[in-house]
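Please read the structure below before turning to the comments.
The values are calculated or read from the model by the stated rules, or taken from the named source; none is laboratory data. Quick caveat: nothing in here was measured; it's all calculated off a predicted structure. Because the Cβ atoms are built from the backbone with ideal geometry, glycine has one as well, and the counts that use them run over all protein chains shown. Surface areas here come from the heavy atoms of the whole protein model, side chains and all, with no ligands, DNA or RNA. Shrake-Rupley method; radii C 1.70, N 1.55, O 1.52, S 1.80 Å.
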Amino acid sequence: METCAEEVQVKLLGGRSSPFVLRVRIALALKGIHYEDIEETMNPKSELLLKSNPVHKKIPVLVHNGKPICESMIIVQYIDETWDTRAPFLMPKDPYDRAIARFWAAFIDDKLLPCIRAVFTGQGEQCQKAVEETVANFLILEKALRTNLCFLGKAYFGGDGIGFVDIALGGMLAFVNALEKATDSVLIDAEKMPLLSAWMDRFCEADGVKEVMPDPVKLVEFICATRVKFASLPAAN
């Protein structure tokens, strides 16, 4: 990646297992932006994190020229707008297409992610129900690839290249793949979701993406260990 005086002032507070941090890593990699990678332990949370994100106290946080930006998809938009002369361009130029991209990114965060989180934390019947709900939401995305005129026949949700929706969903893929192994479940079925499955393969092998994907073995280990902790917690009343 090329460097410049401005980019040296870019820092990313994150963690290797976080799909939200991965979204930002992908955007930075695609744009070729050099940054300082700061691993956040979260327990205890660093003073830098607490100062940079005093509201949610969560990763990721992008610090650019001393100014913090929080929330993964807000950071992705910031990256695209700040380095707006550098390809690839992550947000569509057409206002309607931008609205559609924001809609599907919101669907991923508001509808799909809570289901994935429930699979991650759930046990037994609760986990199985969350698996079914997750699959149902992935099927909605499969239908969008098949019928939505903005995506129909395109290699990516963003068209010929990776865009905003691709990063929103693609940041989750390593975690989803590891979660399938940890829970012995199928969340993205290649037979039922051929378009989504093909998109997933293209995305994961794309330049700028494959280089920043987390170690799949370590991610499975992390998920399994965390699920054991969840299982040991007392049931909520």
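Below, the figures for the structure above:
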read-out	value
Region 200-237, subset in a loop (DSSP other than H, G, I, E, B) and under 27 Å from GLY122 (Cα atoms), residue most open to solvent (accessible area, probe 1.4 Å)	ASN237
Top-ranked residue of region 1-33 - restricted to ones that are over 18 Å from ILE167 (Cβ atoms) and modelled with pLDDT of 95 or more, ranked as most open to solvent (accessible area, probe 1.4 Å)	LYS11
Selection count where residues are in a loop (DSSP other than H, G, I, E, B) and either touching a Leu at 6+ places or on another chain (Cβ under 6 Å) or open to solvent by less than 10 Å² (accessible area, probe 1.4 Å) (or both), scope region 158-187	4
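Yes/no matrix, rows are residues, columns are (1) closer than 17 Å to ARG25 by Cβ; (2) under 14 Å from the mean Cα position of the chain (by Cα); (3) hydroxyl-bearing (Ser, Thr, Tyr):
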position	(1), (2), (3)
GLY158	no, no, no
LEU169	yes, yes, no
THR183	no, no, yes
MET200	no, yes, no
GLU205	yes, no, no
PHE222	yes, no, no
